[in-house]
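**Student:** I'd like to ask you about the structure that follows.
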């Protein structure tokens with residue numbers, strides 16, 4: 001063991017800064033159906049900025065024009081977080097990333113190349129020396145655009161240790177100042193992964209010149225545990241996502257990583273700068289935009305995370321909260337969902353509240369449209385919560401130049417003695433189209449009637465219903481996932497009538513499918 005490495009580990013133990021690198025907008029978007037448009041990505045980025053996220057990985061610019069535009073737009077608007085773009089160790093990727101982050105006040109490029117035997121042989125068809133040379137060449141090219149450089153040896157968790165150490169040493173010498181160790185396929189276990197980080201830091205001669213980071217996938221349900229084990233062994237950056245969103249089983253959950261470190265300061269010698277009271281609003285915004293509901297028993301942000309049904313638990317909490325609660329619900333943003341608006345509220349109050357929960361409404365036409373929807377809802381239910389506002393805006397198109405179908409009217413008949421029947425009227429380009437159909441239920445009948453008009457030839461993959469707020473007059477939010485020719489999109493609709501909400505969700509998905517800028521970008525190689 002090198003003496004310098006021992007000094008470095010001791011130095012890390014004294015540090016109190018754990019960098020939070022959020023990849024909701026990049027890796028999170030690779031969840032099938034979770035693609036977001038530019039406006040939606042910017043909304044999430046602004047909430048991440050409120051959270052005090054250190055680094056926002058805004059996208060993969062080479063993947064599509066939409067991804068490039070999103071990274072460029074976020075770089076132009078976010079001031080207090082570093083904006084990062086992902087790039088393979090390929091010149092065209094790096095150049096696209098460099099152009100996309102140009103407006104950022106603080107920027108980073110994150111490049112990667114596979115280092116495991118199976119990836120090098122079966123995917124890259126490259127030798128070890130070729131991989132090292134390509135990594136070094138790419139890092140040198142990134143210097144044209146930024147000196148904040150992150151390098152990831154893809155599939156590090158299954159890579160040969162000696163080769164992994166060698167390529168990391170070369171990457172640091174070339175100028176990489178963050179080294180990210182990804183468990184790309186979620187294969188590692190905590191003790192193994194933590195030991196890997198410790199050994200890398202101890203054995204790489206120039207490891208003290210870089211911050212070590214981890215990016216863990218959740219295929220075995222161990223992403224957060226692996227990340228925290230790495231932190232306890234010297235890692236000082238964690239890559240994570242809101243709600244654990246991500247490809248396959250997802251990524252390490254930002255809220256779980258942050259609150260574990262915050263809650264167990266007796267164990268962790270570092271802490272984040274995350275403003276935790278924005279965690280729940282961020283979770284709800286991401287869920288609303290992507291259409292991925294948060295399970296009720298999800299840690300930190302699930303509806304039941306701070307609920308107590310057991311009489312013994314309730315009695316204990318009433319006597320002394322700490323008997324069964326290790327965190328305050330208010331600290332992560334619960335109980336902030338207060339009634340702030342009613343039927344007598346004006347446009348300015350609505351605009352202000354939208355801004356407070358992460359939506360900047362600058363266009364007067366959009367504000368007027370939202371205000372009309374708000375008033376209609378206020379006539380139906382007297383208590384308007386932030387969740388209702390999230391739902392109101394989730395169906396608002398961000399691109400007025402695209403011609404969309406909209407629901408003009410729907411009439412559904414459900415009778416125990418006859419087949420359910422729906423009559424729908426859709427509007428597009430100021431023209432109305434009417435159709436009707438029977439179905440196995442009123443929702444099925446509505447979808448079949450819509451299909452007679454739009455003829456999308458898509459396949460329904462998911463239909464999910466969630467109530468937004470409590471009570472029988474609450475908004476119901478419906479998520480619809482459809483697929484056509486390998487393209488998967490989510491649609492979201494909300495209404496106090498679940499059939500209407502379902503029709504809106506189905507149309508939202510149909511419109512996204514026809515809007516080229518919203519289509520999920522091809523799944524390129526990633527960490």
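**Student:** With (1) closer than 26 Å to residue 227 by Cα; (2) in contact (Cβ under 8 Å) with a residue 24 or more places away in the chain as the list, and residue 93 as the residue in question, which single condition is left unmet?
**Tutor:** (1) is the only condition that residue 93 fails.
**Student:** Next question, about the same structure. Which of the residues belonging to region 99-124 are farther than 18 Å from residue 527 by Cα and surrounded by fewer than 20 Cβ atoms within 10 Å (Cβ to Cβ)? Walk me through it before giving the result.
**Tutor:** Initial filter on region 99-124 (farther than 18 Å from residue 527 by Cα): 99-107.
Across region 99-124, the qualifying residues are 99, 102, 103, 105, 106.
**Student:** Say whether the condition of being closer than 20 Å to residue 291 by Cβ and touching a helix residue (DSSP H, G or I) at 6+ places or on another chain (Cβ under 8 Å) is met by at least one residue in region 230-241.
**Tutor:** Kept after step one, since they are closer than 20 Å to residue 291 by Cβ, are these residues of region 230-241: 241.
Next, only the ones that are touching a helix residue (DSSP H, G or I) at 6+ places or on another chain (Cβ under 8 Å) stay: 241.
The answer is yes; a qualifying residue exists.
**Student:** Something else now. Of the residues that make up region 262-281, is at least one in a helix (DSSP H, G or I) and closer than 22 Å to residue 177 by Cβ?
**Tutor:** Our first condition is that a residue be in a helix (DSSP H, G or I); within region 262-281, this holds for 262-263, 276-281.
From what is left, the residues that are closer than 22 Å to residue 177 by Cβ are none.
Among the residues of region 262-281, not one is in a helix (DSSP H, G or I) and closer than 22 Å to residue 177 by Cβ, which makes the answer no.
**Student:** Look at residue 126 and say whether it is modelled with pLDDT under 95, closer than 30 Å to residue 480 by Cβ and in a loop (DSSP other than H, G, I, E, B).
**Tutor:** On the way: modelled with pLDDT under 95: yes; closer than 30 Å to residue 480 by Cβ: no; in a loop (DSSP other than H, G, I, E, B): yes.
The answer is no for residue 126.
**Student:** Next question. Looking only at region 494-511, which residues are over 18 Å from residue 452 (Cα atoms) and either at pLDDT 85 or above or in the same structural domain as residue 27 (by TED's automatic domain parsing) (or both)? Write out each step before concluding.
**Tutor:** So the first thing to find is which residues in region 494-511 are over 18 Å from residue 452 (Cα atoms), and the list is 494-498, 501.
Once the filter is applied, which keeps residues that are over 18 Å from residue 452 (Cα atoms) and either at pLDDT 85 or above or in the same structural domain as residue 27 (by TED's automatic domain parsing) (or both), region 494-511 yields 497, 498, 501.
**Student:** Checking residue 347 against (1) modelled with pLDDT of 80 or more; (2) within 27 Å of residue 509 (Cα to Cα), only one condition comes out false. Which one?
**Tutor:** Condition not satisfied by residue 347: (2).
**Student:** For the condition more than 21 Å from residue 164 (Cβ to Cβ), touching a helix residue (DSSP H, G or I) at 6+ places or on another chain (Cβ under 7 Å) and assigned by TED's automatic domain parsing to the domain that holds residue 213, what is the one hit in 78, 113? Break it down into steps so the answer makes sense when it comes.
**Tutor:** Details: 113 fails: more than 21 Å from residue 164 (Cβ to Cβ).
The unique qualifying residue is 78.
**Student:** Looking for whichever is at negative phi, assigned to a loop (DSSP other than H, G, I, E, B) and surrounded by fewer than 17 Cβ atoms within 10 Å (Cβ to Cβ) here; the options are 144, 137. Which one fits? Explain how you work it out, then say what you get.
**Tutor:** Working: 137 fails: assigned to a loop (DSSP other than H, G, I, E, B).
Sole residue among the options that is at negative phi, assigned to a loop (DSSP other than H, G, I, E, B) and surrounded by fewer than 17 Cβ atoms within 10 Å (Cβ to Cβ): 144.
**Student:** Right, another one. In region 1-110, which strands (runs of 3 or more DSSP E) lie fully inside it and hold 3 or more residues that are within 14 Å of the chain's Cα centre (by Cα), within 26 Å of residue 137 (Cβ to Cβ) and modelled with pLDDT of 95 or more? Explain how you work it out, then say what you get.
**Tutor:** Values: elements: 19-22, 55-59, 82-88.
It comes to 55-59.
The values are calculated or read from the model by the stated rules, or taken from the named source; none is laboratory data. Note that the structure is predicted; figures quoted are calculated from it, not measured. All Cβ positions, even for glycine, are placed from backbone atoms using ideal geometry, and neighbour counts span all protein chains on display.
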